[in-house]
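Encoded as structure tokens, the structure appears first; notes follow it.
The values are calculated or read from the model by the stated rules, or taken from the named source; none is laboratory data. Since the structure is predicted, the reported quantities are computational estimates derived from the model, not experimental observations. Here the Cβ positions follow ideal geometry from the backbone for every residue, glycine too, while neighbour counts run over all protein chains shown. Please note that ligands, DNA and RNA were not included when accessible areas were found on the heavy atoms of the full protein model with its side chains. Shrake-Rupley method; radii C 1.70, N 1.55, O 1.52, S 1.80 Å.
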Amino acid sequence: DRYLFEMREAALRDERVVALATLAAGAAHALSTPLATLAVEGWMRGGRPDEVLRLLEKGVKPHGSLFWRGQALLMKGDLDAAETVLRGFANAGRYSEWARLCLAQALMAQGRDVMARRELKELRQSGDAELARRARLMFNESELQLGRQKVVGERLSREADQSKPEVVYLSARA
């Protein structure tokens with residue numbers, strides 16, 4: 001009886017160890033993506049796109065890795081490569097609207113305002129308030145290039161926060 005009891009205890013202990021290891025592996029996997037996303041976002045906010053590209057080349061998989069790659073390339077000034085990456089990502093994933101905003105930025109930097117405006121037009125109505133605000137401001141900037149100062153001035157007067165530097169800048173240009 002004692003031998004049978006010890007065998008059962010050992011089997012239960014082994015099951016608990018396996019269950020704990022499985023739980024730990026699942027948690028590590030679940031945490032690795034958010035941690036990778038935080039790392040990539042930190043490098044981007046710090047103005048270090050080369051670090052982002054280096055992490056991505058090492059196989060780090062943050063949420064929206066193509067978005068981050070496109071944004072890093074855009075920040076480095078590699079507009080053609082950024083456009084290619086962002087076009088591939090602009091129709092899928094939770095960063096798709098942000099990818100389209102970055103794509104519009106790349107297009108504007110290349111002087112392709114008509115294409116940029118197509119991207120921005122719909123994004124101005126996004127459910128993401130910050131994204132919609134940025135799309136409106138970029139759209140207005142593009143309108144200024146077309147000599148539509150009066151229309152832009154009227155739109156900017158409806159922006160919620162008139163003290164934001166980008167609103168002040170565009171208002172001065174209008």
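Between GLU9 and ALA81, the modelled label-to-label distance comes to 6.2 nm, taking each label 7 Å out from Cα in the direction of the beta carbon. Assuming R0 = 22 Å, can you tell me the calculated FRET efficiency for the pair LYS164 and ARG48, based on Cβ-Cβ distance, to the nearest 0.05? That pair, LYS164 with ARG48, gives E of 0.30. A protection proxy built from the mean count of other Cβ atoms within 10 Å ranks the segments 100-109, 155-164, most packed first, as 100-109, 155-164.
Largest to smallest in accessible area, the residues ASP1, ASP80, ASP50, ASP113 fall in the order ASP1, ASP80, ASP50, ASP113 (1.4 Å probe, all protein chains included).
The orientation-averaged projected area of the convex hull spanned by the Cα atoms of region 69-174 comes to 6.5 nm².
What per residue convex hull volume, in Å³, do the alpha-carbon atoms of region 49-120 yield? Please report the intermediate quantities before stating the final value.
Values: hull volume 4.8 nm³, N = 72.
Looking at region 49-120, the number lands at 67 Å³ per residue.
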